[in-house]
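Below you'll find the structure I mean.
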Amino acid sequence: MFKLKFNRLSRNWLVLLILSTTLWMQGCFWEDDDPAPLPNQDASGIYTGTAQLGGTGYNDLKGIIHNNRLMIFSITAHVLYDGTINSISSDNFTASVNVYVNGLLDAQSPVEVTGKVMSASHFNVTFANTGTGKVSGSFELTYDSVYERVATLDRVSTYLVDNWDGVLKGSTDISSSGIGFGNDSTFSFSTDGIEICQTISPGATVTFASQVNVYLLSAFDIEEVINCPYLNPKTGYTGMATVVDNDLGTDRGLWLAYTNGSSSFFSVASR
């Protein structure tokens, strides 16, 4: 019978070969204790949070992010950020943002921002160091599961029920009891009960985002009735809205924002 014999040196080389092969094979796979790569996260959601803008803190940020468009605003800061998420890699994102301060586009716009996002968790933004005022700083937003409710006409409609009532934040603050969504899926508004401003009939067409709590407003124009405090142009507005809970109850709050590249308008309304 043929027998293969190894001397001590041969046995040592064999052991080294087996160990090297084992280590090489382990390197081709993830160790059980090593985290797998984080997949690209989804920023879509309804958010609330805080900000440091130009050295001042704010705690009333509200945001709608859908289909890579973000609209984030603060009533007390009178600022709205409207932009596009350009890329998400793992939990890092970049975006290009127009900043509207007191209802008008800031001359520093558009600006690039970066940040961290975790699906259905948080969305944190940092501005480049070159900005000033409300085009500088950072904000931290927390996801609200109200985003997962389905947008329907019944939830937003003002047909045969009360209009949405709130302050319209534009280049001038205007009290409004005339924010309306018709049973024909159109959006319109009038202000102060004497129609200082109103959307040109029939206003925007409202599209319901699929299976989530976002209402998309198609392009519409604003016409002046009596001293409408929106600077020209008053055309080409688009935006988003969502129906949320508030102190009055379930689905009793409305967040609304729209811009046209020159002017902005947003509101936190109720009924």
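For residue 68 and residue 165 in the same chain, what is the full-extension length gain: residue separation times 0.36 nm, less their Cα-Cα distance, in nm?
Extra length from residue 68 to residue 165 when fully extended: 32.0 nm.
Using the Cα gyration tensor of segment 62-117, with a ≥ b ≥ c the square roots of its eigenvalues, what is the shape: rounded (a/c below 1.5), prolate (a/b larger than b/c) or oblate (neither)?
Here segment 62-117 falls in the prolate category.
Using each residue's phi in segment 76-86, evaluate 6.51 cos²θ - 1.76 cosθ + 1.60 at θ = phi - 60° and report the 3J(HN,Hα) Karplus result to the nearest Hz, with x for Gly and Pro.
My calculation for segment 76-86 gives 5, 7, 6, 9, 10, 10, 10, x, 10, 6, 7 Hz in order.
If amide H atoms are built 1.01 Å from N in the plane of the peptide, which residues on other chains or at least 5 residues away come under 5 Å of the amide H of residue 204?
It is 187, by chain and number.
May I pose another question? Hey, with R₀ at 30 Å, roughly what FRET efficiency would residue 185 and residue 121 work out to, going by the Cβ-Cβ distance, to 0.05? Write down the numbers at each step before the final one.
Values: r = 32 Å, r/R0 = 1.07.
In this case the efficiency is close to 0.40.
Taking +1 at the Cβ of each Lys and Arg and -1 at the Cβ of each Asp and Glu, which of 131, 120, 147 sits farthest along the dipole of segment 45-148 towards its positive end, judged by Cα position relative to the Cα centre?
131
Are there any chymotrypsin sites (Phe, Trp or Tyr not before Pro) in segment 96-174 that are in a DSSP loop and have at most 15 other Cβ atoms within 10 Å? List them by number.
Numbers: sites: 100, 123, 127, 139, 143, 147, 159, 164; in loops: 159.
Here the chymotrypsin sites (Phe, Trp or Tyr not before Pro) that fit, given the DSSP loop and packing criteria, are 159.
How much net charge surrounds residue 122 when only the other residues with a Cβ under 15 Å from the Cβ of residue 122 are counted, with Lys and Arg +1 and Asp and Glu -1? Walk me through the numbers before you get to the answer.
Details: positive: 62, 116; negative: 42, 91, 140, 144.
Spelling it out: positives minus negatives among the neighbours equals -2.
Can you tell me the equivalent ellipsoid semi-axes for segment 45-148? Use √(5λ) from the Cα gyration tensor, largest first, whole Å.
Whole-Å semi-axes of the equivalent ellipsoid: 20, 15, 12.
Apply the a/c threshold of 1.5 to the C-alpha gyration tensor of segment 88-182 and tell me whether it is rounded, prolate or oblate.
oblate
Laboratory data are not the source of any read-out in this text; all were calculated from the coordinates shown. A quick note: this is a predicted structure, and the numbers were derived from the prediction, not measured. Because the Cβ atoms are built from the backbone with ideal geometry, glycine has one as well, and the counts that use them run over all protein chains shown.
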